[in-house]
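Working notes for the structure below.
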Amino acid sequence: MNARGQTRDDPDEALLRRVAAGDPAAIQALIARKLPRICALASRMLGDATEAEDVAQEAFLRVWRQAPNWRFGGAKFDTWLHRVALNLCYDRLRKRRERPSAEPPEQVDPAVGADVEVEMMQTSNQVQAALSELPERQRDAILLHHYQELSNIDAAAVLGVSVDALESLLARGRRALRVRLQGLHS
Amino acid sequence: MTPERFAALADAFGADLRRWPEADRNAAQALVQESTLARARLAEADALDALLDLSRIAAPSADLRQRILATAPRPRATGPASARSRLLRWLSGLGAIGILTCGAVAGAAVVAMSGPSHVDADSLAGLYDQTNSLDVGGA
């Protein structure tokens with residue numbers, strides 16, 4: 001694999017070829033393989049499950065349009081899909097900034113009760129809040145590398161930065177999170 | 001690998017060496033085996049990784065899967081029963097004048113059926129109705 005994340009060995013190639021031919025089993029398999037990942041990325045970026053689902057749905061519309069035209073041997077399909085999802089999220093975040101939001105994103109109500117599930121959700125929300133307070137690029141680097149488990153090369157390609165720049169973003173973001181999450185125990 | 005470089009990589013990529021840049025893994029592994037300091041840096045990184053992993057995301061709803069599936073391309077029709085073959089047989093039944101008259105409409109339909117398409121029997125019926133209203137003449 002070269003420094004731009006291009007490879008001849010795309011793990012999604014065979015599946016994508018069958019999707020392009022309209023193979024129903026391949027379409028279901030691609031949805032099963034990619035939908036949870038794209039939803040997770042969008043949920044963490046937007047902090048809103050409904051908006052995340054809208055992003056995922058739009059991303060797959062683009063997959064169906066692109067599948068017949070996909071050129072293998074270039075960028076990996078997963079890298080491209082992450083780039084599409086990221087851009088769709090950026091669009092929504094930009095629209096939020098342009099207009100005051102009427103309602104905040106969905107949060108767990110701490111008054112519901114002090115059971116374990118609620119406590120876990122509250123902790124999750126605290127981590128999510130710390131992530132959302134990071135500068136955008138640091139947050140995105142951590143989302144792509146830690147949560148989406150992209151390699152440093154693929155994450156750098158999605159963000160359009162060098163691997164050295166990605167490493168710097170990750171290091172700064174993680175240092176900031178270590179400070180913000182002090183006192184939170186796993 | 002120097003201890004300083006190891007610390008920088010742990011800061012950036014966390015405790016799992018499999019997630020580190022490929023070129024650095026072997027040297028990092030060697031340092032971990034011989035250095036207490038390196039293991040301590042990994043433990044710090046692991047603590048942060050564990051905190052990050054407390055962020056939980058709900059799985060996509062079944063409804064979302066269905067909505068996405070509904071927009072997926074249909075299989076390309078092949079063989080004698082294909083929509084293209086049926087359309088061409090129907091056009092040939094109109095005679096030469098009929099084909100010229102509705103050539104533009106048929107051409108658009110053939111082009112539409114060339115790629116991943118959602119053309120189905122209803123769409124063909126609509127095309128027939130539209131063309132049938134023209135003064136095509138012939139048999």
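The values are calculated or read from the model by the stated rules, or taken from the named source; none is laboratory data. Bear in mind the structure is a predicted one, so any value in this text is a computation, not a measurement. Cβ coordinates were reconstructed from backbone atoms using ideal geometry, including for glycine residues, and neighbour counts include every protein chain displayed. Heavy atoms of the whole protein, side chains included, go into the accessibility calculation; ligands, DNA and RNA do not. Shrake-Rupley method; radii C 1.70, N 1.55, O 1.52, S 1.80 Å.
Please count how many residues of the stretch A:56-81 are in a helix (DSSP H, G or I) and under 18 Å from A:I27 (Cα atoms).
At the first step, the residues of the stretch A:56-81 found to be in a helix (DSSP H, G or I) are A:56-69, A:77-81.
Keeping just the survivors that are under 18 Å from A:I27 (Cα atoms) gives A:56-69, A:77-78, A:80-81.
Of the residues in the stretch A:56-81, 18 are in a helix (DSSP H, G or I) and under 18 Å from A:I27 (Cα atoms).
For a quick check of your reading: which helices (runs of 4 or more DSSP H) sit entirely within the stretch B:24-74 and have at least 1 residues that are closer than 23 Å to A:L16 by Cα, open to solvent by 60 Å² or more (accessible area, probe 1.4 Å) and within 9 Å of chain A (Cβ to nearest Cβ)?
Working: elements: B:25-34, B:36-52, B:62-70.
The helices (runs of 4 or more DSSP H) meeting that bar are B:62-70.
Give A:A29, A:A59, A:A42 a once-over and let me know the one that is aliphatic (A, V, I, L, M) and either in contact with a strand residue (DSSP E or B) (Cβ under 7 Å, 6 or more places away or on another chain) or more than 10 Å from chain B (Cβ to nearest Cβ) (or both).
Numbers: A:A59 fails: either in contact with a strand residue (DSSP E or B) (Cβ under 7 Å, 6 or more places away or on another chain) or more than 10 Å from chain B (Cβ to nearest Cβ) (or both); A:A42 fails: either in contact with a strand residue (DSSP E or B) (Cβ under 7 Å, 6 or more places away or on another chain) or more than 10 Å from chain B (Cβ to nearest Cβ) (or both).
Criteria check complete, one pass: A:A29.
Looking at A:E119, A:E167, A:E149 in this structure, which one is assigned to a helix (DSSP H, G or I) and surrounded by fewer than 14 Cβ atoms within 10 Å (Cβ to Cβ)?
Values: A:E167 fails: surrounded by fewer than 14 Cβ atoms within 10 Å (Cβ to Cβ); A:E149 fails: assigned to a helix (DSSP H, G or I).
Just one listed residue meets the conditions, A:E119.
Considering only the stretch B:11-23, how many residues are touching a residue at least 24 places away in the same chain (Cβ under 8 Å), over 30 Å from A:E117 (Cβ atoms) and not in a helix (DSSP H, G or I)?
Residues in the stretch B:11-23 being touching a residue at least 24 places away in the same chain (Cβ under 8 Å), over 30 Å from A:E117 (Cβ atoms) and not in a helix (DSSP H, G or I): 0 in total.
Right, A:A155: under 15 Å from A:L41 (Cα atoms), without any contact (Cβ under 8 Å) to a residue 24 or more places away in the chain and surrounded by 17 or more Cβ atoms within 10 Å (Cβ to Cβ) or not?
Values: under 15 Å from A:L41 (Cα atoms): yes; without any contact (Cβ under 8 Å) to a residue 24 or more places away in the chain: yes; surrounded by 17 or more Cβ atoms within 10 Å (Cβ to Cβ): yes.
When the stated conditions are applied, A:A155 passes them.
Return the total of residues in the stretch A:14-62 being open to solvent by less than 10 Å² (accessible area, probe 1.4 Å), under 13 Å from B:T71 (Cα atoms) and more than 16 Å from the chain's Cα centre (by Cα).
So the count comes out to 3.
Anything in the stretch A:63-93 that is within 12 Å of chain B (Cβ to nearest Cβ) and crowded, with 23+ Cβ neighbours inside 10 Å? List them, or say none.
Those that are within 12 Å of chain B (Cβ to nearest Cβ) and crowded, with 23+ Cβ neighbours inside 10 Å: A:V63, A:A67.
So, in the stretch A:123-147, of the ones that are β-branched (V, I, T) and touching a helix residue (DSSP H, G or I) at 6+ places or on another chain (Cβ under 8 Å), which residue ends up farthest from the other protein chains (Cβ to nearest Cβ)?
Keep residues of the stretch A:123-147 that are β-branched (V, I, T), which gives A:123, A:127, A:142.
Going one step further and asking which of them are touching a helix residue (DSSP H, G or I) at 6+ places or on another chain (Cβ under 8 Å), we end up with A:127, A:142.
On the way: A:V127: 4, A:I142: 7 Å.
Here the residue is A:I142.
Residue pairs, Cβ under 7 Å, 6 or more apart or interchain, first in the stretch A:28-53 and touching a residue at least 60 places away in the same chain (Cβ under 8 Å), second open to solvent by 20 Å² or more (accessible area, probe 1.4 Å) and hydroxyl-bearing (S, T, Y). List them.
A:A40/A:Y147; A:R44/A:Y147; A:G47/A:S132
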